[in-house]
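Read through the structure below, which is laid out as structure tokens, and then see the notes.
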Amino acid sequence: MAGEVEEGTTLEFTPTWVVAAVCTVIVGISLAVERFIHFSGKYLKKKNQKPLYEALQKVKEELMLLGFISLLLTAFQGRIVKLCVPVDAMTHLLPCSLPSVASSTGGEESLKIIPDSMLQKRHLLAEGSDSEDYCKSKGKVPLLSLESLHHLHTFIFVLAIVHVTFSVLTVVFGGAKIHLWKHWEDSIAKDNYNNEQVLKPSFTHVHQHDFIKKRFSGVDKHSVMLSWLQSFFKQFYGSVTKSDYSALRLGFIMTHCRGNPKFNFHQYMIRALEDDFRTVVGISWYLWIFVMIFLLLNINGWHTYFWIAFFPFVLLLAVGTKLEHVISQLAHEVAEKHVAIEGELVVQPSDDHFWFHRPHVVLLLIHFILFQNAFEIAFFFWIWVQYGFYSCIMGQVQYIVPRILIGIFIQVLCSFSTLPLYALVTQMGTHFKKSIFDDHVQTGLLGWAQMVRNKKGLRIASGGSSQRRSTEGSAAGIQIGGTSFKEPAEVRPAYDSENSKD
């Protein structure tokens with residue numbers, strides 16, 4: 001009797017002080033987190049950090065989604081554990097191999113032993129044993145045990161928390177690196193906008209310019225392969241120099257802000273990065289699809305968790321190489337067309353330099369890289385805490401160490417090299433981002449655009465009503481002896497001719 005009470009005690013026989021204490025702790029922690037998010041939002045709004053505030057709202061949406069997932073798992077766990085399948089269906093595609101069990105009596109004995117080795121020995125709820133017995137009575141096994149369901153529940157929460165944390169750290173460290181470029185902006189503004197120098201005509205020898213010498217020099221200018229190779233290694237050291245920043249900054253201003261030579265490019269770049277942070281911190285639907293595919297392919301002996309770690313690693317190197325190569329392409333275009341030019345050297349931004357002619361693709365790739373890296377780290381620590389370091393899912397040490405090293409390398413490189421590169425180089429597209437305007441200007445422009453759309457809709461609606469009135473009038477005017485009829489062939493051309501005159 002005591003064993004039964006210890007295994008699964010209901011609230012009917014649980015001391016009230018235990019229930020009250022547990023509820024107090026859970027509610028207290030939940031309220032503390034909610035108040036922290038609330039006051040963080042108020043602080044960001046007070047500091048006019050609208051992009052970061054919207055990113056915080058994105059985090060709240062993810063937490064709400066996780067809460068809904070938790071509610072579904074809790075509400076339907078009784079039904080899930082009573083889904084029964086044949087024993088053979090549970091012996092394929094396993095992350096760990098089943099222990100070899102000798103069966104002497106065959107059929108029934110084998111059926112009894114195999115489920116016991118697959119099912120967990122402890123139960124989280126009292127009905128856990130009931131569901132097990134329910135399936136055994138049918139000669140089957142549960143589709144998912146209560147403990148497995150609980151572990152899956154925990155993993156989803158760990159994944160979301162690690163992803164948000166890693167995304168925040170990446171943007172914070174990357175933003176700190178970009179803020180170091182502020183003195184470049186101040187220095188360029190001080191040198192270039194001196195009135196005496198502006199009035200003074202000057203010529204620039206293109207091949208003597210620092211930007212061209214560093215990006216269009218040596219044997220790589222004659223070989224596409226060597227140019228890509230130089231871009232590959234460039235992302236690891238001095239990925240962005242002052243000459244790069246100055247040339248790309250001037251190219252952006254002369255293309256999009258010619259009437260405002262004192263445009264603060266650095267501040268615009270920070271605002272654009274803050275806007276993009278909203279995308280990076282979320283977990284999109286296609287990322288959840290990736291999680292499902294990984295969980296499906298995590299089969300014993302395949303070492304999927306090891307090989308999949310190389311995918312974000314290779315993808316990150318490809319993105320960094322591409323961004324560096326865009327800078328080199330801009331230098332090559334100018335160097336191949338000009339020997340000397342009047343005034344400053346100006347590069348020409350274009351979407352043609354980016355994959356699929358869309359600079360935004362780079363942000364999506366960075367988003368995927370950060371999520372996949374967070375997934376690798378979250379999966380590692382979840383397995384470590386839940387099943388132990390030497391679990392069969394964890395794998396051998398020679399597979400574990402490279403995964404951890406690759407994860408750390410991706411986080412560091414993306415924070416201090418790839419993300420700052422992205423913030424600068426993706427401004428070299430054909431179009432500028434809405435962050436070029438301040439928040440109040442963006443609000444005014446959006447309101448004006450909405451007003452224009454509303455007026456256009458009213459104009460179309462009024463045009464349609466006048467058409468109907470004209471048609472009804474024509475039909476009403478042709479009546480003989482109380483019998484009316486319409487002649488669309490005559491009415492329609494008349495309306496079309498009126499439109500053509502307009």
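Could you grab me the full set of residues in region 352-384 that are acidic (Asp, Glu) and under 17 Å from the mean Cα position of the chain (by Cα)? 376, the sole residue that qualifies. Pairs linking a residue in region 40-52 that is in a helix (DSSP H, G or I) and open to solvent by 30 Å² or more (accessible area, probe 1.4 Å) to a residue that is at pLDDT 80 or above and among the polar types (S, T, N, Q), with Cβ atoms under 6 Å and 6 or more positions apart or on different chains, do not occur. Just one residue in the set 327, 341 is of a type outside the set (Ser, Thr, Tyr) and closer than 26 Å to residue 225 by Cα; that residue is 327. Between 436, 408, the distinction of being modelled with pLDDT of 85 or more and at negative phi belongs to 408 only.
Looking at residue 371, is it crowded, with 19+ Cβ neighbours inside 10 Å, assigned to a helix (DSSP H, G or I), modelled with pLDDT under 90 and touching a His at 6+ places or on another chain (Cβ under 9 Å)?
When the stated conditions are applied, residue 371 passes them.
Tallying residues that are on the phi < 0 side of the Ramachandran plot and open to solvent by 10 Å² or more (accessible area, probe 1.4 Å) within region 355-368 yields 8.
The requirement of being open to solvent by less than 30 Å² (accessible area, probe 1.4 Å), among the acidic types (Asp, Glu) and modelled with pLDDT of 85 or more is not satisfied by residue 333. For region 155-177, the condition holds for at least one residue, the condition being that it is open to solvent by 30 Å² or more (accessible area, probe 1.4 Å), in a helix (DSSP H, G or I), among the polar types (S, T, N, Q) and closer than 18 Å to residue 377 by Cβ.
On the given criteria, is residue 255 β-branched (Val, Ile, Thr) and modelled with pLDDT of 85 or more? Spell out the reasoning first.
Numbers: β-branched (Val, Ile, Thr): yes; modelled with pLDDT of 85 or more: yes.
Here the answer is yes, as residue 255 does meet what is asked.
If you check residue 22 against the conditions, is it more than 30 Å from residue 170 (Cα to Cα) and modelled with pLDDT of 80 or more? Taking the combined requirement at face value, the residue satisfies it.
Does region 32-40 include one or more residues that are modelled with pLDDT of 80 or more and farther than 30 Å from residue 271 by Cβ? Among the residues of region 32-40, at least one is modelled with pLDDT of 80 or more and farther than 30 Å from residue 271 by Cβ, which makes the answer yes.
Remark: pairs (first residue in region 148-176, over 17 Å from residue 275 (Cα atoms); second residue among the aromatic types (Phe, Trp, Tyr) and surrounded by fewer than 15 Cβ atoms within 10 Å (Cβ to Cβ); Cβ separation under 8 Å; 6+ apart in sequence or on different chains) = 158/381; 162/381. In the set (1) more than 30 Å from residue 377 (Cβ to Cβ); (2) open to solvent by 50 Å² or more (accessible area, probe 1.4 Å); (3) touching a residue at least 60 places away in the same chain (Cβ under 8 Å); (4) outside any helix (DSSP H, G or I), the condition left unmet by residue 204 is number (2).
Checked against the criteria, residue 345 counts as touching a residue at least 40 places away in the same chain (Cβ under 8 Å), in a loop (DSSP other than H, G, I, E, B) and open to solvent by less than 20 Å² (accessible area, probe 1.4 Å).
The values are calculated or read from the model by the stated rules, or taken from the named source; none is laboratory data. Here the structure is a predicted model, which means the values were calculated and not measured. Don't worry about glycine lacking a Cβ; one is built from the backbone with ideal geometry, like all the others, and counts go over all protein chains shown. Protein only, heavy atoms only, side chains kept; ligands, DNA and RNA dropped before computing areas. Shrake-Rupley method; radii C 1.70, N 1.55, O 1.52, S 1.80 Å.
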